[in-house]
Amino acid sequence: MARPMRPGDPGASRGFTYLALLWWVAISGVMLAALGTQWKQEAMRQREAELVFRGGQIQAALAAYQANTPAGQPNLPLSLTDLLDDQRQDPAKRHLRRAWADPVTRRPWGLLRTQDGRIRGVYSESGRAPLTAPEGVQTYREWLFEVAEIAPAPAEAASSAGPAAQPSAGGPFSASPGAGLGSQAAAR
């Protein structure tokens with residue numbers, strides 16, 4: 001027959017220790033799950049802040065490209081690499097430090113193009129909902145970083161006016177290169 005356990009026996013505390021260990025593992029699991037959720041949300045916040053920074057930089061570079069267009073030249077680039085090394089005039093200009101990828105998808109940006117195929121803006125191709133966004137933006141795909149299209153100066157105006165007709169480093173976008181940051185457009 002089994003001997004009854006007494007409070008002083010070493011075997012009596014084994015069940016309590018095991019139960020305490022199970023509770024500790026369960027509580028630790030819940031806390032780690034909550035911490036993981038916080039880390040994920042913080043990482044998303046950082047990616048979103050990077051999206052705003054990179055999108056704003058590309059938008060400002062497109063505006064600078066437009067503002068520094070010599071007469072008779074197209075005023076929007078065909079690719080984002082054209083913003084890195086603008087060879088339309090001498091000396092070449094760098095409107096963008098580097099061709100960043102979309103921080104949300106970690107892939108190339110979605111490009112907003114004009115009718116003739118030139119880039120007028122960028123957007124993230126992610127369909128996820130942003131944590132904070134401009135009013136009316138439901139997904140990252142709707143958060144656009146674009147410039148308004150301006151007709152390029154005709155070539156004959158440059159030839160008749162001479163070198164003074166070329167735009168200066170200032171221009172229509174020099175006062176607020178980030179104007180329209182995160183703006184929306186119905187058509188892409």
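Here are a few things to note about the model shown:
- Accessible area, probe 1.4 Å, largest first, for residues Met44, Met31: Met31, Met44
- Amide H within-cut-off set for Arg120, under 5 Å, with H built and near neighbours excluded: Leu112, Arg113, Thr114
- Overall, the ratio between the Cα radius of gyration of region 78-136 and 2.2 N^0.38 Å, rounded to two decimals, is 1.37.
- Taking amide H atoms as placed 1.01 Å from N in the peptide plane, the amide H of Trp109 lies under 5 Å from those of Asp102, each 5 or more residues away in sequence or on another chain.
- Potential extension, Ala20-Glu135 segment - 0.36 nm per residue separation minus Cα distance: 36.3 nm
- Kirkwood hydrodynamic radius of region 53-95, Cα pairs, Å: 10.4
- Calculated over region 1-153: convex hull of Cα atoms, volume per residue (Å³): 175
- Applying 0.36 nm per residue to the separation of Met44 and Glu125 and subtracting their alpha-carbon distance, the gain on full extension is 27.6 nm.
The values are calculated or read from the model by the stated rules, or taken from the named source; none is laboratory data. Predicted model only: the values in this text are computed from it and were never measured. For accessibility, only protein heavy atoms count, side chains too; no ligands or nucleic acids. Shrake-Rupley method; radii C 1.70, N 1.55, O 1.52, S 1.80 Å.
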